[in-house]
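Student: One structure coming up, written as structure tokens, with questions to follow.
The values are calculated or read from the model by the stated rules, or taken from the named source; none is laboratory data. Nothing here was measured: the structure is a model prediction, and the numbers come from that model. Neighbour counts are summed over all protein chains in view; Cβ atoms, including those assigned to glycine, are modelled from backbone coordinates with ideal geometry. With ligands, DNA and RNA removed, areas are computed over all heavy atoms of the protein, side chains included. Shrake-Rupley method; radii C 1.70, N 1.55, O 1.52, S 1.80 Å.
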Amino acid sequence: MLAQDERLAELWGEAKKLTDANNAHAGYDNPSIAAGDFDFSDTVEATWIFNMNDFNNVDDFFQVFATKH
């Protein structure tokens, strides 16, 4: 289970607000975002480029980048 941090909730809330507001204007109607989810495809590409290939799933990613250490 991920550590809870109110600042992270605010950050992800803002990210969701921005994706919802801009999905229809981006030139590609992303079905994941339209369904109320997030699209992590760019994140996968970035982790590959930076040789961060040890993530098995979304929980692993959030353990590294979105929890208090």
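Student: Quantify, in whole percent, the carbon and sulfur part of the accessible surface of the chain (1.4 Å probe; protein heavy atoms only).
Tutor: C and S atoms contribute 57 percent here.
Student: Determine which residues of the range 31-69 fall in the zone a paramagnetic label at LEU8 would reach in this model, i.e. backbone nitrogen under 18 Å from the point 7 Å along Cα→Cβ.
Tutor: In the range 31-69, the label zone of LEU8 (backbone N under 18 Å from the point 7 Å along Cα→Cβ) covers 38-40, 43-44, 54-69.
Student: In Å², and per residue, what accessible area does the range 1-61 have when probed at 1.4 Å with the other protein chains present?
Tutor: 82 Å²
Student: Hey, what does the equivalent ellipsoid look like for the chain, semi-axes from the Cα gyration tensor as sqrt of 5 times each eigenvalue, largest first, whole Å?
Tutor: 23, 17, 9
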